[in-house]
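Q: This structure is in structure tokens; I'll ask about it shortly.
What follows is calculated from the coordinates using simple rules that are stated; it is not laboratory data. The shown structure was predicted, so the numbers you read here are calculated from the model rather than taken from an experiment. Cβ atoms come from the backbone with ideal geometry, glycine included; neighbour counts cover every protein chain shown.
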Amino acid sequence: MKTLALDINEESLSLAKKFIEQGETVAFPTETVYGLGANAFDENAVKKIFAAKGRPSDNPLIVHIADASLIENIAAEVSSDAKKIISSLMPGPITVVLNKQKCIPDCVTGGLPTVAVRMPSSPEAQTFLRAVNLPVCAPSANTSSRPSPTSWVHVAEDLDGKIPLILKGADCNIGIESTVLDLTRDVPLILRPGMITKSEIERVLCKKVFYPDKTDKTMNSPGIRYKHYAPNCETYLNVDGNTESITEFLRQNPAAGVVARDCYQNLADKFFSLGKDAYSGAQQVFAKLREAEKVCDRIIIVWDLKGEEADSVLNRVLKSCGGKIV
Ligand code: AMP
Ligand code: MG
């Protein structure tokens, strides 16, 4: 298949609309990561997302909408907690899990009775969704298990020849995927941490919010058990910023690259900057892993920042390295 990569304008948006209506997939920018979208009501189109990504079929997708009013077509009921999240935090990098309407096919939800809904804030994503004028289900637009795409170039790296169209927008501002908040349980549960934090959600809901009990398998988001965000070379993680152990690792692995905040740049020649703080770390982490894997035989990520936003980045890098801590 020939993959078109087009700047976003009237012409490319009308082509995107045509592709989505015809049951094809389209990659589009959002503030979190690039998504690979299809008409959420069209089972065959949704299956093309799984095929292009090599994604396990029980890993559900997020339904993206441009306007809050559309949520009633997707969710069976919009609870008062859901309404608070919608009015205070949407559009933005947060996804809510609600009980689904019958019209949402099982292949979108991985067979679950619930559906994940998100309203992206990026003007480019909004323009795309408004042009298409249908709910668009989308996971990240990368090959399954690879670092998520935060630039259209990453989408092309993974999916060229497998999808008909990439809308070339700006690089993603947030850089890690949305916070996933399950509102179908007795208490609100954060299934995936993101840059909208637990404290922020608690402030909006005026109640305690929880993380799933890791020992209770029924509480986990389906995507959690799969390999995720992994570069194509051996990757390790240092979480304490102890320069002695990092230097020792580099002595044993002289061709390794270091992905870390600027304060560690003297540690190695092959250095890939995560900037100064948790926000720049989130924005850059996947791009830097993709840069590093091209020129390094091993990668060591140093992520020693504390705090809620930093912990969301930690959640991603722990998966990138498959739990290999040095
Ligand atoms: P991605 O952003 O590519 O990781 O894909 C969407 C994520 O949303 C997956 O990791 C899923 O685990 C999560 N998700 C989607 N639908 C549901 C749902 N109904 N219940 C729980 N998690 C969901
Ligand atoms: Mg993904």
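Q: In vacuum, with every alpha carbon of segment 169-326 counted as one equal point scatterer, what does the Debye formula give for log10 I(q)/I(0) at q = 0.17 Å⁻¹? Two decimals, please.
A: -0.99
Q: What translational D, rounded to a whole number of µm²/s, comes out for segment 1-149 from Stokes-Einstein when the hydrodynamic radius is the Kirkwood one over Cα pairs, at 37 °C and 0.692 mPa s? Spell out each step's value before the answer.
A: Details: Rh = 15.3 Å.
The estimated diffusion coefficient comes to 215 µm²/s.
Q: Lys207 versus Lys18, label points 7 Å from Cα toward the beta carbon: distance in nm?
A: Simple spin-label model gives 4.9 nm for this pair.
Q: Additional query: So what is the 222 nm mean residue ellipticity for the chain from helices alone, if each DSSP H run of at least 4 adds -39500 (n - 2.57) and you divide by all residues, rounding to the nearest 500 deg cm²/dmol?
A: -9500 deg cm²/dmol
Q: Taking the DSSP beta bridges in segment 77-235 as the whole, what percent of them are antiparallel, to the nearest 5?
A: Working: 8 of 13 bridges.
Antiparallel bridges make up about 60 percent of those DSSP assigns within segment 77-235.
Q: OK, next. Just the C-alpha atoms of segment 232-290: what Rg/Rh do they give, with Rh taken as the Kirkwood radius?
A: 0.93
Q: Another question, if that's okay. Return Val313, Val295, Val153 ranked ascending by Cβ neighbour count within 10 Å, so the fewest neighbours appear first.
A: Arranged by neighbour count, lowest to highest, Val313, Val295, Val153 become Val295, Val153, Val313.
Q: Something else now. Report the trypsin sites (Lys or Arg not before Pro) located in segment 205-314 that are in a DSSP loop and have at most 14 other Cβ atoms inside 10 Å of their Cβ, or state none.
A: Passing sites in segment 205-314 are Lys207, Lys208, Lys214, Lys227, Lys276, Lys306.
Q: Cα atoms only, segment 133-222: Rg and Dmax in Å?
A: When restricted to Cα atoms, segment 133-222 yields Rg and Dmax of 16.4, 48 Å.
Q: Consider a paramagnetic label point 7 Å from the Cα of Leu6 along Cα→Cβ; state which residues of segment 20-34 have an amide N under 17 Å from it.
A: 20-29
Q: Something else now. Of Lys48/Lys162; Lys17/Lys168; Lys276/Lys324; Lys102/Lys214, which pairs sit farther than 19 Å apart, going by alpha carbon to alpha carbon?
A: As for pairs spanning more than 19 Å Cα to Cα, those are Lys276/Lys324; Lys102/Lys214.
Q: Be a star and scan segment 309-323 for residues whose amide nitrogen sits under 18 Å from the point 7 Å along the Cα-to-Cβ vector of Ser88.
A: Under cut-off, by backbone N: 309.
Q: For a quick check, take a GNM of the chain with Cα springs below 10 Å and name the residue from Asp158, Asp213, Asp67 with the largest mean-square fluctuation.
A: Looking only at Asp158, Asp213, Asp67, the biggest GNM fluctuation is shown by Asp213.
Q: Obtain the nm distance between the two label points defined at Lys276 and Glu77 by a simple spin-label model: each point lies 7 Å from its Cα along the Cα-to-C-beta direction.
A: 4.8
Q: Let me ask something else about it. Distance from a point 7 Å along Cα→Cβ of Cys263 to each backbone N in segment 302-326: keep the residues under 18 Å and list them by number.
A: Counting backbone N atoms under 18 Å from the label point, the list is 302-314.
Q: Which of rounded, prolate or oblate describes the chain when judged by the alpha-carbon gyration tensor and an a/c cut-off of 1.5?
A: Taking the square roots of the gyration eigenvalues as a ≥ b ≥ c, the chain is oblate.
Q: If amide H atoms are built 1.01 Å from N in the plane of the peptide, which residues on other chains or at least 5 residues away come under 5 Å of the amide H of Leu191?
A: It is Val180, Leu181, Asp182, by chain and number.
Q: Of the residues Ser80, Ser312, Ser145, which exhibits the maximal mean-square fluctuation in a Gaussian network model of the chain defined by a 10 Å Cα contact cut-off?
A: So, out of Ser80, Ser312, Ser145, the one fluctuating most is Ser80.
Q: Taking H as built 1.01 Å from N, whose amide H comes closer than 5 Å to the amide H of Gly275, not counting residues under 5 places away?
A: Asp262
Q: What residue among Met195, Met119, Met90 shows peak mean-square fluctuation when the chain is described by a Gaussian network model with Cα springs under 10 Å?
A: Between Met195, Met119, Met90, it is Met90 that shows the largest mean-square fluctuation.
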